[in-house]
Amino acid sequence: MSATRNHTTCRIGVAGLGTVGSGLLAFLAERPDYAPAGGRVVVTAVSARSRSRARPVDISHLAWFDDPVALAQSPDIDVFVELVGGSDGPAKAAVEAALQAGKAVVTANKALIAEHGAELAALAEARGVPLLFEAAVMGGVPAVKTVREALVGEDIQSLSGILNGTCNYILTEMEASGSAFADVLAEAQRLGYAEADPTMDVGGFDAAHKITILAALAFGGSPNFAAAEIQGIANVDLLDIRLAGDLGYRIKLIASAERAGEGARVRVRPFLIRKSHPIAQADGALNALYVEGRRIGRIFLQGPGAGAGPTAAAVAADIADVMVGGCRPVFLSPALELRPCAPPEGVVAEGRGYIRVMVRDEPGVLASVSEGLAEAGVSIESFLQKPPGDTPGVPIVMTTHAVAETVLEAAVSRIGRLPAVLEPPRLLYIAGI
């Protein structure tokens, strides 16, 4: 169905005039007739926290709403664009109000969709209006459209990727500059690449919101953020980046989703990934996504995952879809028929491990570490020992064959209690892609 007032003009209300909102207004002012079939997009009203704040676009001619909920309910708009952010509060209330009023909604809010997507989808479908969120994942890269539309007939087995540019920038800079995590994070904050409170990014939560959405689209469920396993990059040590490089790997924060029986396992964690893999070669603030399907094999998407231009372009693409009147479920099936994406009970996760142990430089240490792993049921695949340096201990690094993660973690805990081990061993997983 079309949410436009007539066949030629679509009236837009935009809530949130930060980087993306201002970018969208600039785009639409420059190209109001970009939409297909001769449609014209006109921004008629806006809402933000501050009316007087200096902005790169002129909003003096637009109707102003202090309350985004009032904007969402306005009879003078056809499409409500939510760029406020946050999983609850004004953003959720305004989107609900717009859907209740029978208005199409376009949002870039990954937290909102990941945490409340099922209930919002049910509301949108009950009112017969679109709820679109291309810009919520990978900015200007059409990840949502690729998974939901281009691959709708595919049997997707897994998705893996770099979905947070801030973390990718930090890990890239640590490797290139030899600086510690805290120093690179401080510089990223100074340059504006990281927020003053970076928890959502470096804690892995932003990437988890995004992979939760993609998993729901890929596996025919509803978003289930609560089931995601999340680990950030704050504990990634510069020494491990160097040693992983010596073994032919790079460390990246990988968001992944894979089929597990009738469910799906969704994870975000730092992984070692072969330097030759396309994902390993995505540096700086780039995002990347690797999709594996039963029929198509493997496809790869890469591009800017944030920023005014790319994200505004994704929002504009969703507005164009509203205008041409496409109607489909918000996810792959009607919301009321969906089950949350979650790993089935009893499925044991397996993985290959990278283990780094700091030990005293004394005879017999390597043998005791190897014996401890073997007795716990872990088989060593490769081994690296660095000569003594300026630090009190000597790093021993091992990679393992695939084993149940619970077994591997118990083994690492066990060798951490050996007398010659100076600090808790570091365990990272090796990506299986």
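What follows draws every value from the coordinates through simple rules; no lab data is involved. No experiment lies behind these values; they were computed from the predicted model shown. Methodologically, a virtual Cβ is constructed for each residue, glycine included, from the backbone with ideal geometry; neighbour enumeration extends over all protein chains shown.
Quick notes on this one:
- Extension reserve of the Arg339-Glu371 stretch, reckoned as 0.36 nm per residue once the Cα distance is removed: 7.0 nm
- About the Cα centre, charge dipole magnitude for the chain (Lys/Arg +1, Asp/Glu -1 at Cβ), debye: 660
- For the chain, the share of DSSP beta bridges that are antiparallel, to the nearest 5, is 65%.
- Remark: Asp201, Asp321, Asp66, Asp283 ranked as Asp66, Asp283, Asp321, Asp201, counting other beta-carbon atoms within 10 Å and listing the fewest first.
- Relative contact order (%) - the stretch 379-429, alpha-carbon pairs under 8 angstrom, separation at least six: 28
- Placing unit charges on each Cβ (+1 for Lys and Arg, -1 for Asp and Glu) gives the chain a dipole about its Cα centre, and among Gly86, Phe133, Gly432 the Cα reaching farthest toward its positive end belongs to Phe133.
- Positive contributions from Lys and Arg (+1) and negative ones from Asp and Glu (-1), summed over other residues with Cβ under 13 Å from the Cβ of Ala126, come out at -2.
- Mean sequence separation of contacting Cα pairs (under 8 Å, at least six apart), scaled by the length of the stretch 273-325, corresponds to a relative contact order of 23 percent.
- From the coordinates shown, Rg/Rh (Cα atoms, Kirkwood Rh) corresponds to which of (i) 1.10; (ii) 1.04; (iii) 0.98: (ii)
- Relative contact order %, the chain, counting alpha carbon pairs below 8 Å whose residues are six or more apart: 17
- Looking at the stretch 218-263, the GluC sites (Glu not before Pro) that sit in a DSSP loop and have at most 14 other Cβ atoms within 10 Å of their own Cβ are Glu262.
- Among Met358, Ala150, Ala122 - extreme Cα towards positive end, dipole of the chain, charges at beta-carbon: Ala150
- Under 5 Å from the amide H of Ser222 lie the amide H atoms of Arg339, Cys341, each residue being 5 or more positions distant or on a separate chain, with H modelled from the backbone and absent for Pro and chain starts.
- Each of Met174, Gly192, Ala288 was scored by the projection of its Cα onto the charge dipole of the stretch 143-304, and the greatest displacement toward the positive side belongs to Ala288; charges sit on the C-beta of Lys, Arg, Asp and Glu.
- Each residue of the stretch 90-96 was assigned a 3J(HN,Hα) from its phi angle through the Karplus curve 6.51 cos²θ - 1.76 cosθ + 1.60 (θ = phi - 60°); the sequence is x, 4, 5, 4, 6, 5, 4 Hz, with glycine and proline shown as x.
- The dipole here belongs to the stretch 149-284: it is taken about the Cα centre, uses +1 on the Cβ of Lys and Arg and -1 on the Cβ of Asp and Glu, and is about 280 debye.
- Net charge in the neighbourhood of Gly204 (other residues with Cβ under 14 Å of its Cβ; Lys, Arg +1, Asp, Glu -1) is +2.
- Summed side-chain charge close to Ser179 - residues other than Ser179 whose Cβ falls under 9 Å, Lys, Arg +1, Asp, Glu -1: -3
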